[in-house]
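Okay, so here's the structure we're looking at.
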Amino acid sequence: MELNYYSDMAVRLVNTDQPERGEDALTTVESVRELCGSHATMARRATEADVTRLRGVRTRLRAVFTAAAEGDEVRAVDLLNSLLMEFPTSPQISGHEVLDDNGRPRWHMHLAEHPANATAGYAATACMGLAFLLTDLGVDRLGVCQAHPCRNAYLDTSTNRSRRYCSDRCATRANVAAYRARKRLASDGEAAPAGRGRPGPTSGRTAPAVQRAQDDTDG
């Protein structure tokens, strides 16, 4: 298992909060256990206190993503380093009794955490994974969705570093909104000149009459 894999844990934690919508999915012990996912040992440690503790870590992780999205790489790294110092972990080589075709262990890197509570374990693993991804791919791979009102964090793994939204759904919604805005501007732009250049209801009828009167006088 690549250590970058653990970076998804940081994204999942940050996205339990929807500040623009006033929604919070991290409110109970059960929601903490659900967040832990396949990390059974971590989930079993969860208590009511972890709800508050994880919310605190979530706020700090969102600040990392926000700084990265705003192009402030130094601040993003400093914030993440602060979390890494507070929640340390130990990378270890593991085989997990999984054998290859030759009967040998499939060796891979594993993050061993020995915390006193679920929050410490989750934070240590998520932050270390995010740190490996950041140093491997770059700080600019951390983003915040630009589709209002969504403010989900995401990891940009595209080849050209062009991602701006957390999902295809948000990208589609933003593109549709931008298209409609352009259509409105185009319609407004076409309507205004037409209104200014159109002759008034009286001038269009009286001009010929004036011309005829002048012709009669000349005659």
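Taken together, the values in this text are just the output of simple stated rules run on the coordinates, not laboratory data. Bear in mind the structure is a predicted one, so any value in this text is a computation, not a measurement. Ideal geometry is used to build each Cβ from the backbone, glycine not excepted, and the neighbour counts take in all protein chains shown.
Points worth noting:
- Residue within the stretch 21-37 that is hydroxyl-bearing (Ser, Thr, Tyr) and under 15 Å from ALA123 (Cα atoms) present: no
- Of all residues in the stretch 44-64, none that is in a loop (DSSP other than H, G, I, E, B) has its Cβ atom under 7 Å from the Cβ atom of a residue that is basic (Lys, Arg) and crowded, with 19+ Cβ neighbours inside 10 Å, 6 or more apart or on another chain.
- Only strands (runs of 3 or more DSSP E) whose full extent lies in the stretch 66-158 are considered here, and the ones with at least 3 residues that are farther than 14 Å from ALA10 by Cβ are 90-94, 108-112.
- Qualifying residue in the stretch 81-89 (condition: closer than 23 Å to ASN117 by Cβ, touching a residue at least 60 places away in the same chain (Cβ under 8 Å) and in contact with a helix residue (DSSP H, G or I) (Cβ under 6 Å, 6 or more places away or on another chain)): no
- When each of GLY143, GLY121 is tested for being of a type in the set (Gly, Ala, Ser) and within 23 Å of ARG75 (Cβ to Cβ), the lone residue that passes is GLY143.
- Count of the stretch 159-172 residues, restricted to those that are over 14 Å from the mean Cα position of the chain (by Cα) and assigned to a helix (DSSP H, G or I), is 1.
- In the set (1) closer than 30 Å to ASN160 by Cβ; (2) exposed (fewer than 13 other Cβ atoms within 10 Å of the Cβ); (3) not polar (S, T, N, Q), ASP101 fails one condition alone, (1).
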